[in-house]
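Please read the structure below before turning to the comments.
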Amino acid sequence: LTLFHHSLPKWALADGGWTNGALVDYFAAFSADVVDALAADTEFLITFNEPTVFVMLTHCAGIWPPGPKKSTSQGLRCLAPIVGDYARAVWNIQAAHRAVYADAKARGRGSALKIGVAHNVGYNVAEHVWDEAATAVAKARLKEVCKTDEA
């Protein structure tokens, strides 16, 4: 069962989508209702499907809602560490995933559930010397995005 697969209600889009930290609590409440209703019949719970793809195409490229399409300079600003829309959205998605996981386990609803995130993972190989730095950054970002507090 996948809770988020690249769609948001219009009101959430109008408030900035996943760049808005308030969405974490709304998503956690929605997810608690879904887990309460369906946990007994569910083996695998995917909190987010390909969150980095969604964030990149939504908040940095503006190709997906909430858009609008971004210029190259806006797209690059989006990728700024810590303060860019990419970092803020991924941070909020990570917080939402952790909240859903902790809530499901704490209330006993998710004791048998296998809970995770479905990632779009590429294998990065530097083909030229000048690709090595970009490949190292891509691998480091992937490790950061996939990191969890749970074993």
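Okay, here's what the table says:
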read-out: Output for segment 86-123, where each listed residue is surrounded by 14 or more Cβ atoms within 10 Å (Cβ to Cβ) and either modelled with pLDDT under 75 or charged (D, E, K, R) (or both); value: Arg88, Arg98, Asp103, Lys105, Arg109, Gly110
read-out: Test set (1) out of contact with any Gly (no Cβ under 7 Å at 6 or more places or on another chain); (2) part of a loop (DSSP other than H, G, I, E, B) - Lys69 fails condition number; value: (1)
read-out: Filter result (out of contact with any Asp or Glu (no Cβ under 9 Å at 6 or more places or on another chain) and crowded, with 17+ Cβ neighbours inside 10 Å) within segment 67-79; value: Lys70, Gly75
read-out: Test result for Ala37, open to solvent by 60 Å² or more (accessible area, probe 1.4 Å), part of a helix (DSSP H, G or I) and under 19 Å from Phe4 (Cβ atoms); value: yes
read-out: Index of the failed condition, Leu38 passing every other in (1) out of contact with any Leu (no Cβ under 7 Å at 6 or more places or on another chain); (2) without any contact (Cβ under 8 Å) to a residue 40 or more places away in the chain; value: (1)
read-out: Set Phe4, Phe27, Phe44: member being exposed (fewer than 14 other Cβ atoms within 10 Å of the Cβ), touching a residue at least 24 places away in the same chain (Cβ under 8 Å), in contact with a strand residue (DSSP E or B) (Cβ under 8 Å, 6 or more places away or on another chain) and closer than 24 Å to Arg107 by Cβ; value: Phe44
read-out: Answer from Gly62, Gly108 - the residue that is at positive phi, over 18 Å from the mean Cα position of the chain (by Cα) and assigned to a loop (DSSP other than H, G, I, E, B); value: Gly108
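The values are calculated or read from the model by the stated rules, or taken from the named source; none is laboratory data. Being a predicted model, the structure only gives us computed values, none of them experimental. Note that each Cβ is placed from the backbone with ideal geometry, even for glycine, and that neighbours are counted across all protein chains shown. Heavy atoms of the whole protein, side chains included, go into the accessibility calculation; ligands, DNA and RNA do not. Shrake-Rupley method; radii C 1.70, N 1.55, O 1.52, S 1.80 Å.
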